[in-house]
Every structure is written in C-alpha cells, then in structure tokens.
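The values are calculated or read from the model by the stated rules, or taken from the named source; none is laboratory data. Note that the coordinates shown come from a computational prediction; the quantities given were computed from them, not determined experimentally. Using ideal geometry, Cβ is built from the backbone for each residue, glycine included, and neighbour counts are taken over all protein chains shown.
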Amino acid sequence: MKNKTGLLLLILLVLTHSSFAQQIDSQAPEATAAEARLSFRDIPDLKKAFIDVAPTDRKDGILVGKLGIDGGNKAMILTLAQEIADSMHGLYDSMLITHKGKLLFESYYKRGRVNLAGDQASAAKAYTSLALGRAIQLGYLTMADLDKPLVSFLKDLDPTKFIEGAEKITLHKALTMRGGLRISEEQRREFKKNPSKLKGQGLVQVLLEHSEPITLASQSYSYGNFNPTLVMQVIEAVVPGTAQDFIKNELLGKMGITNYSWRIGVSGLPEAGWRVSMTSRDMIKWGILTINKGKWNGEQLISAKFLANATSNIIKPTEDWQSDSFNYGYFFYQTNIKVGDKSYDTNFAWGGGGQYIITVDELDLVVVITGHDREDTIMTQVSKIILPAFVKGQSSVLESPYLGQKPPGLIPEPFAPGIVTTEGWEVSGVFTSDMKEFYFIRNNEETKEQELVVFQYQNNEWQESVVSPRVGTPFISPDGKTMHLGRRYRERTEAGGWSELKKLGSSFEEIEIMRLTESSKGTYVFDEIGMPDGDGVIRYSRLIDGKHEKPRSFGAAINTGRMNAHPFVAPDESYLIWDGRRESGYGNSDIYISFKQQDGSWGKAINMGDKVNTKGWEAVACVTPDGKYLFFNRNMTPGNYDNVDIFWVDAQIIETLRPKK
C-alpha cells in the first residue's frame, strides 16, 4: 500500500502543473575549519567533483548567470569538466568561467574548495604588476617613471657602493624580467646568514653591491631574478604608508577580497612573486579587473595605459619551460589562440602547478584554473575546448546528433549527464522527427516550477532554451507537425515555432490523460488515470475517414496489473511500450512491451528485463524517431522521486525481446 501511495503521488505530480521540489545539494564544497589550517598538500581530495552551470550568487561582488543560456556551449564545457574530474588532463582543483561579466560556470575537484585560498605561485607576480598600476592611477608614479632608474625612487640607498650599471635598471626592465642582476647561488646563501642587512631597502643595497655589473648582455630575459622584488620596493617607497596597507586598502579592499594570505618577505615587504594565496572566486575578480581595462564597479583602479602595456607583447620569454608561442609583458603572458579561421589575443597570469587567470578581450571571457600538476598542460584544453565553446559556430564537439553524446549499448546510461540529466528531476525526453530538437520537462530549482525545455540544433551547435511552463507531457508526432501534450496539442507553424494550445476534442476532454502518443497512421494511444480503483488504463483511438473514433480500451494483455501509464506506440504500430506494476515485476513500476500479432491482436506483456527495470520506478519510455534508441525515466533512489533521470539504451534491446516466429 505504501508503494502504491508513492507511485500515485508521482503520477499526480507528472499530470499536474504544480512544482516538484528538488533536494539538490547545490552548495559548492567548503573547507572545514580544520582543513583550512592544513597545508595545501594535506587537504583531502573531494569525494565527488562539484560542477555547476548556474553558480550561486554569494553576494561577493561577482554577477552570476547560466552556462548555455548566457553564453557558451554547455555540453563542451561539461565534457571537459568531467574529464578534469577524471584526471584525464592532470591534477586540477578548480575551473571557473565568466562571460560578459557573469560567472557562468564554477567547478571544484580534488583539493579545491570555494572558501579555500590556494597558493598562487608565480601568478602573484601579476598582482604586483597591478599594484604598481594602481600607484600610477593614484598619481604616485607616472608612465614616464617606468623608464627612470629604479634606484632614483629608493632614497635610503648608498649609490657610492653600487656595481657598475646599476642605474640601467628601470621599472620597465624589471617588469619584463630584464633587470640584469646576476647573483650566484653561493651569494644568496651568504645573504641569508645576515637577514638584518636585508630589511627594507637594505635588500636592494646588498644586491646592487654584489651583483655582476649590469650590461646590455645581462639585461636579457631572466625569469624571477629579484625583478618582482625590485618592483615591490618601488611601491613601498612611493605610496603613503606601507605597500602592505596600500595593497590591502587600494586593491583587495576595493574588490572585496578578504579571504587571502599575502606573506611578508625577508625585507619586511610583501612578497612580490610568490607566497600569495587567493580563492578561485577572488582570482576571477582579478581577471574581471583586467578585462575591464582596470575598472572595478565603474571605478578606475588601475591605470588603463599601464594595463595596456602590462598585457602587451613586449618580449619573448626564453626559459625552456615557456612555450615558443608565449609572449611577455609586465608580469603577464600573452599568446594567440586560433579558433577556426580567426585568432584571439589571450592574456594570462600563470603560476606553477596550474594556476591561471586567462582573459580574452574579444570574447569578454575570463577563465580561472587552479591545480597541483607538475606537467601542467591545461592550456591545450583552453585552446581546444574552452575558447571554441564561446565562439559561435565552433562547437565541433556537438556537431553530432543526440547532443553530442556517445551512444550507449545494451546497458542503459544517463542521457547527457550534467546537460539534461542532473541530480534533479527531468522526465519525458523526446526528439522531433528530424532529430534537431530535443524536448523534456524539468523542475526549475530556483522557481520550483516545472518547465518545458528544448535543445535545438542551430548554427552547428545545440542551444538550450525554456519553451514555456509545463503543460502536459510532450510527444512529437511521427511527421513532426504536432506536439501532443495530453489533452492539448500544438501545431508546427510555418515560421518553425509552435501554435497556441489547442484541444483534442470533446471525446477526450473528460479523460485524465498524462501522455498521448501517435502512430504514423494517426492512431492515438494514451493513458487514463483517476480510475475508481486508482489504477490506470491504456486506451486508443484510430483515425477513420479523417476523424478519431471514440476512445477504446486495450485488452487484458495490456491492461493487467496496476498503474498502467505512459504508453508509446511504434510508428508502424508493430509494438506498444508502457509502464505499470505487476506481481512479476522487479519493483515499483516496470516498463513492458507487447508485440502485435499477425491476426492484429496484441501479444502478452513482456517485462523489458533487469537491464531496464530495477527496484525503483521506470516509466515514460519512447523510441527515437530514427528507431535507434529507447529513452525512459528512472528514479535514482527507490521511494524517492526528487531525483528522476532520463536514460537511454540501444533500441536493439527491443529485438532481443521480440518472440521468434
């Protein structure tokens, strides 16, 4: 009795327009207080990746939207996200994407947590560059000052002890890793023995006393080499107060960044090239600041002219581990990514292990990736998948039918995980006859209302949109001209859309129909619930001389047992599929098939087997118009109908059940 009550409740929810609440854990994973105290390498991996195509508004100054609705090819990004979750491209902890100012995608893997500030490695150098740009914007420096001797800003130095050529070091040279200092490893170890001499500008004094002379040859690209430290020394010297307070109040505070760590170096100044930690969401803020040409919420924080230089191609980096396709500006990298016949200028801050803030101005795109991968090859996927997903007409992964999904075999699989099938409630997936539109019903988590959703294949990609609030259960006629919605229907218009709702007629008006399907001959096959005994009946109505006859009930071969519902009739009327409860079933409601006999009668009901049916609820089956795949619904936890998914399986499973002649 308890199972029957639960199934009745589900049928009523399917039939009516009322909401069907989802119990989805949509909260991004957070580090516990204990985890937050651990070193990053000791953070335990997430048991399950968190992937969100409609990020939560956390009231942190970041606007949010929905991937696929506000831009981007959802299927392509979700496919990549699953591959990252499976470690196919290395060890990565988060991937976030903003497009046109909205966060459309947020995901965490392995050690990633939404509230955990992760080590930025050398991406911190870009923050130092932007801090200098803030000082210029506020008038503490000018663009012309970038070409002045760096030591001219450091008044506590003794120039009489400088090595030859010290005055050749400028901010411009330091920002492009061409300061020219040459300090041996032995010298570095000696410096550390007397840390008091390295306090404040004392560090610069020591460097300029012990370096090899600064020459044209020495001022070639050399990564690191104290260059970021020299820039931070100038910031400390020219801004009011300390560089630490300046960065906190004039940059981080302006952007609402409070959950961070910025360590202090041996000189007593903030570290300039590493030892900075930020959350992935706050990294997004740095990217938004960069792509908005230095503006945050309308306020010009960074000198636009400085930022243009910082993100321009000034020099070619020459380290062995730096790609030949990369260029370098002021602690920012640049590269050119080709999508189709067009190239896109791409800027990025980059830190070891896979820390990225990537911006593409022309696409208004910001991508943040964090990781702990020594090989760090994720930029290949940025070029291959992420940019094409936001370039119209380049969604090659979805040029195939079935929303770009790999077809299943004889074992049912969830259809389009993360795209159609989620941890929520989705039912009744149907394709149009040309296989270019896929309709289904889902429960909107935000509004708690059921809605009819469509994926349409347009411009070489599948695009998602909401058609309307839910009305009935959709089924597309074999000729593609009619969308049946129980007792209502819509007709295809000349413009390619759908007409207003229409009624089937008086013969059907008093029947409680959940689902009505149609054969190529025009025969209607439908269910009727609300019978006195609480069970459902499958009925049919043939098209005779252009009119539908009065509905009739199928015989006992079909209408035996309980809760018979959601029929599907083959286009040629050679078989009938429906769901119901019988004593011989596997659990709640199972899917059955009956084949038409040579004499026109219907053969006995055949349970579709344990590959399709489980202890839970299986229902709402149909075969794709091309005859290749069987679609049906399954509740993922028996007795709990909050998570109902759409499955598909090779339609050959039908032939394995067809009686031999």
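Yes or no: residue 498 more than 30 Å from residue 343 (Cα to Cα) and of a type in the set (Phe, Trp, Tyr)? Taking the combined requirement at face value, the residue satisfies it. The condition (being in contact (Cβ under 8 Å) with a residue 40 or more places away in the chain, over 20 Å from residue 440 (Cα atoms) and buried (at least 16 other Cβ atoms within 10 Å of the Cβ)) is satisfied by just one residue among 551, 567: 551.
The set of residues from the stretch 266-295 being farther than 20 Å from residue 244 by Cβ and in a strand (DSSP E or B) comprises just one member, 295. Looking across the stretch 152-208, the residues that are exposed (fewer than 12 other Cβ atoms within 10 Å of the Cβ), of a type outside the set (D, E, K, R) and either assigned to a helix (DSSP H, G or I) or more than 47 Å from the chain's Cα centre (by Cα) (or both) come down to 160, 194, 196. Only one of the numbered conditions (1) of a type in the set (Asp, Glu); (2) under 21 Å from residue 119 (Cβ atoms); (3) out of contact with any Ser or Thr (no Cβ under 9 Å at 6 or more places or on another chain) is not met by residue 245, and that is (2). Counting only strands (runs of 3 or more DSSP E) that sit completely within the stretch 441-534, those holding 1 or more residues that are acidic (Asp, Glu) correspond to 450-458, 461-469, 488-491, 516-518, 524-528.
Out of everything in the stretch 248-265 that is in a loop (DSSP other than H, G, I, E, B) and β-branched (Val, Ile, Thr), what residue ends up being farthest from the chain's Cα centre (by Cα)?
From the stretch 248-265, those in a loop (DSSP other than H, G, I, E, B) are 253-259, 263, 265; that's our starting set.
From what's left, β-branched (Val, Ile, Thr): 257-258.
On the way: 257: 23, 258: 25 Å.
Out of the qualifying residues, it is 258.
Among the residues of the stretch 383-394, not a single one is small (Gly, Ala, Ser), part of a loop (DSSP other than H, G, I, E, B) and not assigned by TED's automatic domain parsing to the domain that holds residue 39. Checked against the criteria, residue 454 does not count as under 27 Å from residue 611 (Cβ atoms) and out of contact with any Gly (no Cβ under 7 Å at 6 or more places or on another chain).
Rundown of residues vs (1) in the same structural domain as residue 569 (by TED's automatic domain parsing); (2) more than 18 Å from the chain's Cα centre (by Cα), yes/no style:
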| site | (1), (2) |
| --- | --- |
| 379 | no, no |
| 412 | no, yes |
| 416 | no, no |
| 425 | no, yes |
| 450 | no, yes |
| 453 | no, yes |
| 456 | no, yes |
| 480 | yes, yes |
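The residue that is farthest from residue 421 (Cα to Cα), counting only those in the stretch 86-118 that are over 12 Å from the mean Cα position of the chain (by Cα) and outside any loop (DSSP other than H, G, I, E, B), is 118.
With among the β-branched types (Val, Ile, Thr), outside the structural domain of residue 365 (by TED's automatic domain parsing) and on the phi < 0 side of the Ramachandran plot as the only criterion, which of 62, 136 stands out?
Numbers: 62 fails: outside the structural domain of residue 365 (by TED's automatic domain parsing).
Within the list 62, 136, the selection yields 136.
Tell me whether the stretch 227-240 contains one or more residues that are in a loop (DSSP other than H, G, I, E, B), over 30 Å from residue 28 (Cα atoms) and of a type outside the set (A, V, I, L, M). Looking through the stretch 227-240, at least one residue is in a loop (DSSP other than H, G, I, E, B), over 30 Å from residue 28 (Cα atoms) and of a type outside the set (A, V, I, L, M). Within the stretch 500-523, residues that are under 15 Å from residue 490 (Cβ atoms) sit with their Cβ atoms under 8 Å from residues that are modelled with pLDDT of 90 or more and surrounded by fewer than 15 Cβ atoms within 10 Å (Cβ to Cβ), at 6+ positions apart or across chains, in these pairs: 502/491. Here residue 475 meets each of (1) touching a strand residue (DSSP E or B) at 6+ places or on another chain (Cβ under 7 Å); (2) free of Cβ contacts under 8 Å to residues at least 60 places away in the same chain with one exception, condition (2).
To keep it simple, each residue is scored yes or no on (1) within 30 Å of residue 275 (Cα to Cα); (2) among the hydrophobic types (A, V, I, L, M, F, W, C); (3) free of Cβ contacts under 8 Å to residues at least 40 places away in the same chain; (4) buried (at least 20 other Cβ atoms within 10 Å of the Cβ).
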| position | (1), (2), (3), (4) |
| --- | --- |
| 354 | yes, no, no, yes |
| 357 | yes, yes, no, yes |
| 364 | yes, no, no, no |
| 376 | yes, no, no, yes |
| 412 | no, no, no, yes |
| 416 | no, yes, no, yes |
| 424 | no, no, no, no |
| 429 | no, no, no, yes |
| 433 | no, no, no, no |
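Screening the candidates 323, 343 for the property of being closer than 18 Å to residue 221 by Cβ and assigned by TED's automatic domain parsing to the domain that holds residue 95 yields one hit, 323.
Given the criterion in a loop (DSSP other than H, G, I, E, B), at pLDDT below 95 and not hydrophobic (A, V, I, L, M, F, W, C), identify the matching residue among 573, 583. It is 583.
Quick grid of which residues meet (1) surrounded by fewer than 17 Cβ atoms within 10 Å (Cβ to Cβ); (2) under 33 Å from the mean Cα position of the chain (by Cα); (3) modelled with pLDDT under 95:
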site	(1), (2), (3)
472	no, yes, yes
475	no, yes, no
494	yes, no, yes
497	yes, yes, yes
508	no, no, yes
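Output the residues belonging to the stretch 606-661 that are touching a Ser or Thr at 6+ places or on another chain (Cβ under 6 Å) and under 24 Å from residue 478 (Cα atoms). Outline the logic, then answer.
Keep residues of the stretch 606-661 that are touching a Ser or Thr at 6+ places or on another chain (Cβ under 6 Å), which gives 617, 619-620, 625, 645-646.
619, 620, 625, 646 - these are the residues of the stretch 606-661 that are touching a Ser or Thr at 6+ places or on another chain (Cβ under 6 Å) and under 24 Å from residue 478 (Cα atoms).
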